[in-house]
């Protein structure tokens, strides 16, 4: 019996014995540890070419705005015409920040969200958490448009008609692995050299980090890290082509 035969037989036996009954209770912790290790290795392999507040002993939500300021200054994002995409608008705090900072009349801002909360659980947040009605955002800037629903239902129809040569600024704040990976995979063909990706929960190993890692490795995406804050929870990446 060859080594390959032994491996195949062992896998078959594990399935026959319903290994999931033993392993499943521990799978979440094991996967988290594995991807946390990969995140640690990734950080060492990808130095930040710009603003980085590493290391912080506490978490602070407002540090994202310091990162935005530094990225905007370095990339001249306050004046250049951009297409701003945000996946996971929620209360609209980041969306409004970029609307106020970029006053170029040619810029366009696109917000995607269910506006009915998370479509699945995320850590301690249950399905339906973080629901914010679209009308409560009170955003009347004519450059802004919103698309309600699951990304699978809203993003694909949008991209079927999307054409633009403007610089893209993509804010990924949907939290979930599934939502992040889907958004990145659909946007891939539109990404150009110099476009920027912003992550809001990058340091959550099984979600945004894992989605980004799978995306960049599967699509052979070259990039550089241009900013990080809150111990890599908030991250900025520039596409290199």
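Just so you know, all these numbers are worked out from the coordinates, no wet-lab data involved. These numbers were taken from a predicted model, which means no experiment stands behind them. Here the Cβ is made from the backbone with ideal geometry for all residues, glycine too, and neighbour counts use every protein chain on show.
By how many nm would the segment from residue 241 to residue 145 lengthen if fully extended, with 0.36 nm per residue of separation less the alpha-carbon distance? Before the final figure, lay out each step's value.
Values: separation 96, 0.36 × 96 = 34.56 nm, distance 2.87 nm.
Separation in residues times 0.36 nm, less the Cα-Cα distance, equals 31.7 nm.
For the residues 35, 46, what sequence is obtained by ranking on other C-beta atoms within 10 Å, fewest first?
Listed from fewest to most nearby Cβ atoms, that is 46, 35.
Dividing the alpha-carbon radius of gyration of segment 47-240 by 2.2 N^0.38 Å (N being the number of residues), what value is obtained?
In units of the globular-protein estimate, segment 47-240 measures up at 0.96.
Over segment 47-240, what is the percentage of antiparallel beta bridges among all DSSP beta bridges, to the nearest 5? Walk me through the numbers before you get to the answer.
Numbers: 12 of 35 bridges.
Around 35 percent of the beta bridges assigned by DSSP in segment 47-240 are antiparallel ones.
Calculate, in nm to one decimal, what residue 217 and residue 163 gain on full extension: separation in residues at 0.36 nm each, minus their alpha carbon distance.
On the way: separation 54, 0.36 × 54 = 19.44 nm, distance 2.60 nm.
Stretched fully, the residue 217-residue 163 segment lengthens by 16.8 nm.
Would you mind ranking 218, 57 so that the residue whose beta carbon has the fewest other beta carbons within 10 Å leads the list? Please list the in-between numbers first.
On the way: 218 12, 57 5.
Neighbour counts put them in this order, fewest first: 57, 218.
Counting other C-beta atoms within 10 Å, which of 237, 34, 48, 89 has the fewest, and how do the rest follow?
Working: 237 23, 34 13, 48 18, 89 26.
With the sparsest Cβ surroundings first, the list reads 34, 48, 237, 89.
Once label points are set 7 Å from the Cα along Cα→Cβ at both residue 178 and residue 55, what is their separation, rounded to one decimal in nm?
3.6
Modelled label-to-label distance, residue 138 and residue 101, 7 Å Cα→beta-carbon offset: nm?
Result for the modelled spin labels: 2.3 nm.
Work out the FRET efficiency for residue 46 and residue 188 from their Cβ-Cβ distance, taking R0 = 30 Å, and round it to the nearest 0.05.
Details: r = 19 Å, r/R0 = 0.65.
With R0 = 30 Å, the Cβ-Cβ based efficiency is 0.95.
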